[in-house]
Amino acid sequence: MSPPAQAVPTGPERSPSTSDADIGRSARRLTLLVQVGTFILILGITDGALGVLWPSMRATFHLPLDDLGVLSVAATALYFAGGLLASRIRGRLGVGNVLAASCVLALGALVTWSAAADWLTVLVAVALLGLSKGVVDAVVNAEAAMDGGMRRLGLLHGSWAIGGMFGPLLVAAVLAGAHDWRAAVVVMAGGALVLTPVSVLGRRSPAPLPPSEPAPSSDVAARAEPDGSTAPARRWVLVATVIVFAVYAAAENCPIAWGYSYLILDRHVSRTLAALALAMFWAGLTVGRLGLALVNDRFAAVAVLELSCLLVMVGSGLLWLLPGTFAVIGLPIAGLGAAAVFPVLVALMPRRVGEARTGQAVGAAIAAACFGGPVAVALFGLLATHLGAGVLGACVFSASVLLYVGNRSLSFATGRWAA
């Protein structure tokens, strides 16, 4: 009896695993595309536009100068909540679904903002936009810290800076033509409208992050980690890092929020030049963060952090001390310095607090940044209202000094985990 005939393949065979791998790679590329688009259109442009929109919005609703602090608090109140809840939301929905839902929410918030007839409606719309941004920021940063490394973080934060750079230019161009701040918000809503269907198509998500570390018992808490540290030490590192994030947010948000007003009110710079100077702050952020996307992950992170904080302090000092139009020089220097701080701190999270806690740590850090930035913006606004706009320069510089001192202290305390 002859052996059974074997089937001769008529073409190249493709295993199901290969097909699944190709689909997975395509899904990851589309997810990354949506992440980059979200950081540009939802996070970056809206962050960069707010300070330049404020003088026109203030005139429309007949508001005092320091109410920018109220708007900033509204923008970050739900951002704060979103950062704290992001790890849990991500675990239930996955990155793709989180991005899609956030884009839909951001679109609705921007449309509401553009059509707002009163100040309260503006605050509600900006708060909802902040919720969308807070969830996306925490979820995507945590995933990038665990899976993408410094290059992914540099790309994402560089994308945010690109959006922030175009925000002031967009508002200045629209105001020059239409003389209506609502038209600028409509343009931002148009960007969200383009991004939303793409985010819905890219809902397939990569594998989830490791689960959060359970609360240790008293005997486990004192046990050494693989690198020789202890669990309580890790928790203290987390607390210190969260504080530095709050201070960093103050040092970065205050030039963004008040730099434009300070230049036109105290240094008597033209509105166009002031908007260009703020755009150059964002250009510095863009160059620095895209530069991180090109470097090897094994660079000296702590040294870069110290140099970056020093540049923020120098740029803020020049903004405060230089007379007239020369003061604009400080903003791009401060922006370049601020570029590396956030992504490098996030990239150090896994080795400083442990991989299992990274998702929660990033969410807590972003929530702290949501607290530190608006509080500083509101406080400095009150001081400017009572003491004059000239005090804003000194306030911005003081925030940069606190950042430098805080980062130096954190680096010293966590030297054993530093890169």
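Taking the criterion of being within 30 Å of His179 (Cβ to Cβ), out of contact with any strand residue (DSSP E or B) (no Cβ under 8 Å at 6 or more places or on another chain), surrounded by fewer than 20 Cβ atoms within 10 Å (Cβ to Cβ) and at pLDDT 90 or above, would at least one residue in the range 62-70 satisfy it? Among the residues of the range 62-70, at least one is within 30 Å of His179 (Cβ to Cβ), out of contact with any strand residue (DSSP E or B) (no Cβ under 8 Å at 6 or more places or on another chain), surrounded by fewer than 20 Cβ atoms within 10 Å (Cβ to Cβ) and at pLDDT 90 or above, which makes the answer yes.
Among the residues in the range 241-258, are any in a loop (DSSP other than H, G, I, E, B) and surrounded by fewer than 23 Cβ atoms within 10 Å (Cβ to Cβ)? No. Listed by first and then second residue, the pairs with beta-carbon distance under 6 Å, at least 6 apart or on different chains, first residue in the range 137-153 and at pLDDT below 75, second of a type in the set (S, T, N, Q), are Ala145/Thr358; Met146/Thr358. Within this structure, Leu110 fails the test of being part of a helix (DSSP H, G or I), under 19 Å from Phe61 (Cβ atoms) and free of Cβ contacts under 8 Å to residues at least 60 places away in the same chain.
Checked against the criterion of being outside any helix (DSSP H, G or I), out of contact with any Leu (no Cβ under 6 Å at 6 or more places or on another chain) and either closer than 27 Å to Gly359 by Cα or in contact (Cβ under 8 Å) with a residue 12 or more places away in the chain (or both), the candidates Leu345, Leu310, Leu285, Leu294 yield just one match: Leu294.
Mind checking whether some residue in the range 75-96 is among the small types (Gly, Ala, Ser) and closer than 25 Å to Ile264 by Cα? Looking through the range 75-96, at least one residue is among the small types (Gly, Ala, Ser) and closer than 25 Å to Ile264 by Cα.
When residues in the range 271-286 are screened for being among the hydroxyl-bearing types (Ser, Thr, Tyr) and either modelled with pLDDT of 90 or more or buried (at least 21 other Cβ atoms within 10 Å of the Cβ) (or both), 1 of them pass.
Here Ala251, Ala274 are screened, and the one residue that is touching a Cys at 6+ places or on another chain (Cβ under 9 Å) and closer than 21 Å to Met165 by Cβ is Ala251. Kindly evaluate Gly315 against the criterion of being touching a residue at least 40 places away in the same chain (Cβ under 8 Å), buried (at least 23 other Cβ atoms within 10 Å of the Cβ) and within 26 Å of Val135 (Cα to Cα). In short, no. Among the candidates Ala327, Ala384, Ala367, Ala394, the residue that is of a type in the set (A, V, I, L, M, F, W, C), assigned to a helix (DSSP H, G or I) and within 23 Å of the chain's Cα centre (by Cα) is uniquely Ala367. Total residues in the range 321-335 satisfying the condition of being among the hydrophobic types (A, V, I, L, M, F, W, C) and crowded, with 24+ Cβ neighbours inside 10 Å: the figure is 2. Annotation note: of Gly130, Gly91, Gly163, the sole residue that is assigned to a helix (DSSP H, G or I) and surrounded by fewer than 22 Cβ atoms within 10 Å (Cβ to Cβ) is Gly91.
The values are calculated or read from the model by the stated rules, or taken from the named source; none is laboratory data. Since this is a predicted model, take the numbers as computed values, not measurements. Every residue, glycine among them, receives a Cβ derived from its backbone with ideal geometry; neighbour counts consider all protein chains shown.
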